[in-house]
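First the structure, in the form of structure tokens, and then the observations on it.
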Amino acid sequence: MTDDQNSKKDMNEMTDNDWKEKLTDEQYNITRKGGTEAPFTGKYYKNKESGTYMCVCCGAELFSSDTKFESGSGWPSFSDPKNLEHIKLLEDTSHGMIRTEVRCKKCDAHLGHVFDDGPTDSGKRYCINSAALDFKKKEDTNEK
Ligand SMILES: [Zn+2]
């Protein structure tokens, strides 16, 4: 590992104020406070480009465009996480519903929810807030 952590704080040491400084108000309210963006307003729900969706807070790779599908819900929807090791699932009983919350394992950011009504083989629908994601477009250059 050649992670340069000297100039950056460890994710677990980030305080509420640190996140406020790092994130926009919307990103902060969603990822740190468990908020939800209004449907059809996010910047990625219509994104069809190839690439990787990362945690807006810590940069962990969360979802691939390969698993993104059009759910009609107004939020970016994925059939599978890019790496199950990068997310954690929690039971969420808020708003009088039992849902499964999806969080970033590395920094504990709230990402969205996962439902069991996905149209693909996985049967899962990861319904994720655009504001919790940072998109890295796949380069067309040949990778070595
Ligand atoms: Zn994260």
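Bear in mind these aren't lab numbers, they're just calculated from the coordinates by the rules spelled out. The structure presented is a predicted model; accordingly, all values stated were derived computationally and were not measured. Every residue, glycine as well, gets a Cβ built from its backbone with ideal geometry; the counts of neighbours run over all protein chains shown.
Apply 1/(1 + (r/R0)^6) to the Cβ-Cβ distance of D117 and E26, taking R0 = 25 Å, and write down the FRET efficiency to the nearest 0.05.
The computed FRET efficiency comes out at 0.40.
Considering amide H positions built from the backbone, and no H for Pro or chain starts, which residues 5 or more places from L133, or on another chain, come under 5 Å of its amide H?
Amide H neighbours of L133: V56.
Going 7 Å from the Cα of K136 along its beta-carbon direction, which residues of segment 74-111 have the amide nitrogen within less than 14 Å of the resulting point?
So the set is 82-83.
Would you work out the relative contact order for segment 16-137, in percent, from Cα pairs under 8 angstrom that are 6 or more residues apart?
Rounded, it is 29 percent for segment 16-137.
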